[in-house]
């Protein structure tokens, strides 16, 4: 008890517990006990890890990077990304009410201010929609080639984002976070499942000929994962440099130099084990050596038959379409040869003129999309048809199509374009493990807000990981005091679209 005294020692007066505490609570004693406490916490954590490893549930919970946690439906991912916020209500999400109430105020939002200011009245899509496939899915007439695939696609019409800004929106769609510094989905998948071809990268990012997407390389970064899991940027317009040895260097000299360099690299890396950037650089050099033989063949679209090239449109007179078509054909060759994750971009970052380089149609929606849709339509549809014909969509490749958010059903005041809309947009999936000809989720009558079976980026990636044989809640990496996930602390598998 607090008032209890201790028995006297050596004739001294009794010392109360309160006085004893005052004597103990000095600077040296305080820091000594803090140090002991920290050591105790560390020991408890070590003991907890040992107990977990020895527990009966270890076999059920443990997972080793490089292999799935359960039987997968897919092994690879093709991620098609259209930067600039492609308009759901002008491409995939048919809204008859927009035509019926064209030119009238959006009910309840007559003076609504969005990203770039005040909105005008409702604006119908400049193009009609037609029903396609046996499912009768309405799709814009601007995508006649893609219309052939609607029976194989599962549309997510209730998507929402956390931001209405392009850079954070692209980062959010690729990493699950609106801030830079987090691993992209392709890096997570490479970390989780490893490589299918040791002579090619696990993860390839294919920027558009017009440039990188908003926030650039952060879209395919490894974040806090070891740097070896970041994407290797490769595309038809960016030739792989320095693959061949210089003239006069024979095979034996090349092998000897490489072996000696490997010895030096590994000796240095072993003494700096905490430096993942160094390990990634060594790994990239080793991969580059193996790619001297594999990469030129994989990227060699010139080896393709003339009829395949014509199907993709690689000789189209529109140079932007031809360039994207070459990237589509190269993506198929990468997937065919075992690249685990391919991110293929159609359009780039914003320019001084809205809608010129990407799908960001603030001012002139009709003119902008009549420029972008033909670039996207034929090559993408040809890629999907080619993958299907080769059987790659049965058990191997899962296809995603995404954009960072949607667009308003109204026009921006004083323009014929649409402003940003993070409250409603469409993504879709196709291929291994997907139930085609389905639509999940819905927006309201005007496409302004997602109102039914609302889905998030975390739900999308929980579903992707599930199809790859990974429980998204168990795919973690310890960083900065916590176990991080691609899906953060959110996400549910969208089982309604699974085959």
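Report the gain in length on full extension from residue 251 to residue 297: 0.36 nm times residue separation, minus Cα-Cα distance, nm rounded to one decimal.
14.7 nm
Where does each of 400-412, 308-320 land if you order them by average Cβ count within 10 Å, highest first?
Result, highest mean Cβ count within 10 Å first: 400-412, 308-320.
Quickly rank 156-164, 346-354, 142-150 as a protection proxy: mean count of other C-beta atoms within 10 Å, highest first.
156-164, 142-150, 346-354
Label-point separation (nm) for residue 435 and residue 264, each offset 7 Å from Cα along Cα-to-Cβ?
5.9 nm
Applying a 10 Å radius around every beta-carbon, put 365-376, 259-270 in order of their mean neighbour count, most first.
365-376, 259-270
Fewest to most neighbouring Cβ within 10 Å: what's the order for 217, 95?
Lowest to highest Cβ neighbour count: 217, 95.
Using Cα centres only, tell me the gap between region 128-173 and region 442-489 in whole Å.
18 Å
Efficiency by 1/(1 + (r/R0)^6): what FRET value for residue 479 and residue 395, r their Cβ-Cβ distance, R0 = 45 Å, to the nearest 0.05?
0.85
What is the distance in Å between the Cα centroid of region 288-337 and that of region 350-391?
Here the answer is 18 Å between Cα centres.
Give me the percent of Cα-Cα pairs in region 366-499 that sit more than 26 Å apart, rounded to a whole number.
That tail contains 39 percent of the Cα-Cα pairs.
Values quoted throughout were computed directly from the atomic coordinates according to the rules given, and no laboratory measurement underlies them. If you're wondering where the values come from, they're calculated on a predicted model, not measured in any experiment. Here the Cβ is made from the backbone with ideal geometry for all residues, glycine too, and neighbour counts use every protein chain on show.
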